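Taking it in order: structure first as structure tokens, then the write-up.
Derivation of every value follows stated rules applied to the coordinates shown; laboratory data play no part. Keep in mind the model is a prediction, meaning the values are calculated, not measured. Glycine gets a Cβ as well: all are built from the backbone with ideal geometry, and neighbour counts include every protein chain shown.
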Amino acid sequence: MANRTIKEAISVKGTNPQYLVEKIIRTRIYDSKYWKEECFALTAELMVDKAMELRYIGGIFGGNVKPTPFLSLTLKMLQIQPEKDIVVEFIKNEDFKYVRALGAFYMRLVGTSVEIFKYLEPLYNDYRKIRFQNKEGNFELLYMDDFIDSLLREERFCDVILPRLQKRQVLEEANEIEPRVSALEEDLEDEDSESEEEEGERKGDSLSPPPTSSRSKQDSERERERARRNRDKERERERSRDRQRERQRDRSRSRERNRSRERNRSRERNRSRDRDRSRERDRSRDRNRSRRQRSRSIEQGNRDHRRDQDRDRRDRKDREREREPERERSKRGDREKSNKKKDSKKSSIAEVDPEIAEANALRAKLGLAPLRP
Amino acid sequence: MIEITCNDRLGKKVRVKCNPDDTIGDLKKLIAAQTGTRWEKIVLKKWYTIYKDHIKLEDYEIHDGMNLELYYQ
């Protein structure tokens, strides 16, 4: 198997080093022409020649995911695992910037945090331009220090997930690395000494009235705090008012609906206990309303007669209710109340579909315009 | 607003609401938000045509209720 990792390879991050490149991209690389033609039977020495021929860096590109030679060579390095000296030589060489980039990328993948900081940070002083092929296959201009910075900071680069890096600060506290000295430090020091002198002069002037200034600062802070609290309170009040209004609206609507149900129930007394069916009936009645309106004129005579009957029934019903024990009635009242609650919820759904509201919230987060109806 | 179904036939099937003038890239971001995969890793296909990120749905004539194939890269 040509794509197998060499036997004596040390496992990196607890697995086969080749697994640092994701499966899908890895198989894409194995399938690519560059891998088959150029990377076959490469050794660490031959690798140097190939690395010198590199013209750009990049991950995968194009619609039908093609890997760049840079990525293929990185995978090859993971496969044959060249010695550390060779990688360090890659990074230290001055003449070939893409060799250096390849070495740095490989070091970032397999090195320990200390090694990575030790070998990559000096490259911050390399300002050479490099070509970078983006996802669409177009070229972008990048600088070496830019590249190194994204290696040290980002979680994925060139479509490879970069392993976790320990925080620099933690390593410094454990005395494993020295604090970083930037190349800009010298310039800054010069400027600092100048500005310090100036500041000293200024400080001498402003030293006389410190207590008043501090007090005024405190005061202003308190003032701001108070203002903020007030604003919050006001907003809260407004919100609660809104809520109240909504509730009222709901209540009135549900009362209406209730009345209609009452009428419905009285029309067919036998089924009135079966709440679900009655509600269903309610809905179907809505649906049929238009048809019914048409046929109303025909039924008119019939209806009048029925209404009389209805009234009779209602009276009887009321009487029954009075006779009913108090407990029963209260129970029914509870049930009615819960029904009312359900109704109110339904009406709010009708106002704004929560699915659409959710989708819009998501779109807002992604920076897209809201959905149009 | 239109609703599009994306299926990877490996157990992920998502319905996404979007506008016809969204780009494929926007659609990918919406799918990514629902499935939890990175949007850069999503490939949308219909048969052998791969949809490109910068083109609008209406230009690809993607209509309401259409099915797209969801692949990964």
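Once a ≥ b ≥ c are taken as the square roots of the eigenvalues of the Cα gyration tensor of the stretch B:1-70, is the result rounded (a/c under 1.5), prolate (a/b larger than b/c) or oblate (a/b not larger than b/c)?
Judged from the Cα gyration tensor, the stretch B:1-70 comes out rounded (a/c under 1.5).
Ranked by Cβ crowding within 10 angstrom, fewest neighbours first, how are A:Asp146, B:Asp26, A:Asp31 ordered?
A:Asp31, A:Asp146, B:Asp26
What average count of beta carbons from other chains do you get within 10 Å of the Cβ of residues in B:1-10?
For peptide B:1-10, the averaged partner shielding equals 1.
Excluding A:Asp146 itself, what net charge comes from residues whose Cβ is under 12 Å from its Cβ, given Lys and Arg +1 and Asp and Glu -1?
That sum, taken over residues with Cβ under 12 Å, equals -2.
Hey, can you rank A:172-181, A:92-101 by average C-beta count inside 10 Å, highest first?
Per-residue Cβ counts within 10 Å, averaged per peptide and sorted highest first, yield A:92-101, A:172-181.
With 19 Å as the limit, write out which pairs from A:Lys36/A:Lys129; A:Lys13/A:Lys50; A:Lys97/A:Lys135; B:Lys28/B:Lys56 have Cα-Cα distances beyond it, or answer none.
Listed pairs above 19 Å: A:Lys36/A:Lys129; A:Lys13/A:Lys50; A:Lys97/A:Lys135.
What is the average number of partner chain Cβ atoms found within 10 Å of a Cβ in B:16-26?
That average works out to 3.
Find the centroid of the Cα atoms in the stretch B:15-51 and in the stretch A:103-165, then give the distance between the two in whole Å.
Centre-to-centre (Cα) distance: 29 Å.
Based on the Kirkwood radius over alpha-carbon pairs, what is the Stokes-Einstein translational diffusion coefficient of the stretch A:17-165 at 25 °C with 0.890 mPa s viscosity, in µm²/s?
D, rounded to a whole number, is 161 µm²/s.
Given the pairs A:Lys23/A:Lys66; A:Lys33/B:Lys29; A:Lys33/B:Lys45, which span a C-alpha to C-alpha distance of over 20 angstrom in this model?
Beyond 20 Å between Cα atoms: A:Lys33/B:Lys29; A:Lys33/B:Lys45.
Taking every residue in B:46-52, how many Cβ atoms of other protein chains lie within 10 Å of its Cβ, on average? List each step's numbers first, then the result.
Values: counts 0, 0, 1, 1, 4, 1, 2.
Mean number of neighbouring Cβ atoms from other chains: 1.
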